[in-house]
Amino acid sequence: MLNKGLLFILSAPAGAGKTTLVRELQKKHPLVKKTISHTTREKRTDEIDGIDYHFVSDQKFEEMEKNGEFLEQVSLFRARYATSKKEIEEIVSKGMHAILVIDTKGFFLLKEKNVKMISIFITPPSIQELDERLSLRASESQEQKKERLEEAHYELSQAPYYDYIVENDTLEHAVEVLHSIVVAEEHKNSTEERVEYDRTVSL
């Protein structure tokens, strides 16, 4: 067992199925734990405070930001989102893996800070499929859906900067791929100075 857990970053366009994928991955791997972001946006009818997000006021968000409680924070679709430093530290210190679901802007902020992480980008089979998923979700207006599709085009262009790209073609297959990534990273040789093979040995 690892002394400390790993930090996994997972990004995807809205409607690509990231929430469902993480939930299924947690069932498959007992050491995976999703972090809960703080946000100032309004809670949807099917969301639960403290499980889906920590829903806070603008005033509370600014207070936490001022106190240096966030690892990263971004503004998106007229709302603010942030990740608690304390929560991630508590997860990994227990030998568990923190899964941080953030957008590409947050990902690049962490890269600039040289945060040690494994990054995964989830893609839909196609933009048309993404459009259909957003329509089925029915939680946004036509204008909001249009905004999210426009943002999706940008986010998809940033996928090459991630360590892994996983297509969510079918739920079962995508979860298997995510699980294999976690297992592989657990067994990766992370020694800073790996032993070099001595080619001077005479035959």
Please find, among L76, L31, L109, the residue that is more than 22 Å from E186 (Cβ to Cβ) and in contact with a helix residue (DSSP H, G or I) (Cβ under 9 Å, 6 or more places away or on another chain). L76
Do you know which residues across segment 72-81 are among the basic types (K, R) and loosely packed, with under 12 Cβ neighbours inside 10 Å? R78
If you check E69 against the conditions, is it loosely packed, with under 12 Cβ neighbours inside 10 Å, more than 16 Å from the chain's Cα centre (by Cα) and at negative phi? no
Would you pick out the residues in segment 8-42 that are in contact with a Lys or Arg (Cβ under 7 Å, 6 or more places away or on another chain) and either outside any loop (DSSP other than H, G, I, E, B) or hydroxyl-bearing (S, T, Y) (or both)? L10, V22, Q26, T39, T40
Which condition number in (1) surrounded by 13 or more Cβ atoms within 10 Å (Cβ to Cβ); (2) over 24 Å from V92 (Cβ atoms) is the one that T45 fails? (1)
Please verify whether E87 is touching a residue at least 12 places away in the same chain (Cβ under 8 Å) and farther than 22 Å from L149 by Cα, treating the condition exactly as stated. yes
Can you give me the number of residues within segment 47-66 that are on the phi < 0 side of the Ramachandran plot and touching a residue at least 12 places away in the same chain (Cβ under 8 Å)? 11
List pairs: first residue in segment 156-177 and more than 20 Å from D103 (Cα to Cα) and touching a residue at least 24 places away in the same chain (Cβ under 8 Å), second residue among the β-branched types (V, I, T) and crowded, with 18+ Cβ neighbours inside 10 Å anywhere in the structure, Cβ distance under 8 angstrom, at least six positions apart or on different chains. none
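Just to be sure, is V101 surrounded by 16 or more Cβ atoms within 10 Å (Cβ to Cβ), within 18 Å of the chain's Cα centre (by Cα) and at pLDDT 90 or above?
Yes; evaluated as a whole, the condition is true for this residue.
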Within segment 148-182, which residues are modelled with pLDDT of 90 or more, in a helix (DSSP H, G or I), surrounded by 10 or more Cβ atoms within 10 Å (Cβ to Cβ) and of a type outside the set (S, T, Y)? A159, L171, H173, A174, V175, E176, V177, L178, H179, I181, V182
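The values are calculated or read from the model by the stated rules, or taken from the named source; none is laboratory data. Everything numeric in this text was worked out from a predicted model, so none of it was measured. Neighbour counts are summed over all protein chains in view; Cβ atoms, including those assigned to glycine, are modelled from backbone coordinates with ideal geometry.
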